[in-house]
Every structure is written in structure tokens, then in C-alpha cells.
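These notes concern the structure reproduced below.
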Amino acid sequence: MASTKKVGIWIRVSTDDQAKGESPEHHEKRARCYAEAKGWEVVEVYHLEAVSGKSVMGHPETQRMLGDIRDKKISGLIFSKLARLARNTRELLDFADIFREQEADLVSLQESIDTSTPA
């Protein structure tokens, strides 16, 4: 039997989101529910609540997450929507390349993107 997929949850909530009542806890709960439904184990949560959207790649929490991907501590990352992962297409493509190289999955709840499935 295959071992349980270990995933991380990415929490980066803008001040606009928070104004709409979308707390980091709300995002984490949704991501945990998704992981549970898939039978995945959440082993890490990455918090970037106070980080501006200009560039997240250089942030220590981003580096920690990428290290966990490379070390195979996690093999997937769940986040609320693509705009929360990266603020621009270049950065998003960089993330996608890194995840593909490491055979890890990106899961965006809002856009219903889940690279762990063929669709």
C-alpha cells in the first residue's frame, strides 16, 4: 500500500481578504478539510500573513517550504487561490517548475486546480 501523501498548507491572506472576513484560520480550515477528504496528512503550515504580494520567493517561509519540498518532507501544497501563492505569472511559473521537478503537487482550492489528479 502506498504511504499517505504528506502536504503543506500555504496561508497568505491579504488585508482585503481579512476585511471580507477571510481569516488565516478560515483558509487553514478549508485546506485541512480538503486534505482530509483526499486522505492526505497535513504535516506543515506555512504562514505569510503579513507579507506583501510583491515577491514571496525570497521570504524565509517560502524558502522553508521549498526546502521541505526538496527534502521530500511534503509532496504537495494546498492554498486558497493562485493569487495567494504568487503575485505574478513569472513567480507562479517558477513555483510550478520547482514542484514539477520534485514531483510535488500544487492544489488551489478556488480555481479547483489539483495537479495530483490527471485532470
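Structure notes:
- In this structure the chain gives 55 Å² per residue of accessible area when probed at 1.4 Å with all protein chains present.
- Three-way shape call for region 1-40 based on the alpha-carbon gyration tensor, with the a/c threshold at 1.5: prolate
- Rel. contact order, % - alpha carbon contacts under 8 angstrom, at least six apart, the chain: 29 percent
- Proximal lysines to K73, defined as alpha-carbon separation beneath 29 angstrom and excluding residues fewer than eight positions away on the same chain: K5, K6, K29, K38, K54, K81
- With contributions of -39500 (n - 2.57) from each DSSP H run of at least four residues, the per-residue ellipticity at 222 nm computed over the chain stands at -11500 deg cm²/dmol.
- Among S3, S23, the order of accessible area from largest down is S3, S23, computed with a 1.4 Å probe on protein heavy atoms.
- Loop trypsin sites (Lys or Arg not before Pro), region 1-46 (other Cβ atoms within 10 Å of the site Cβ: 15 or fewer; DSSP): K20
- Bridge type composition, the chain - antiparallel percent by DSSP, nearest 5: 15 percent
The values are calculated or read from the model by the stated rules, or taken from the named source; none is laboratory data. Note that the structure is predicted; figures quoted are calculated from it, not measured. Using ideal geometry, Cβ is built from the backbone for each residue, glycine included, and neighbour counts are taken over all protein chains shown. Please note that ligands, DNA and RNA were not included when accessible areas were found on the heavy atoms of the full protein model with its side chains. Shrake-Rupley method; radii C 1.70, N 1.55, O 1.52, S 1.80 Å.
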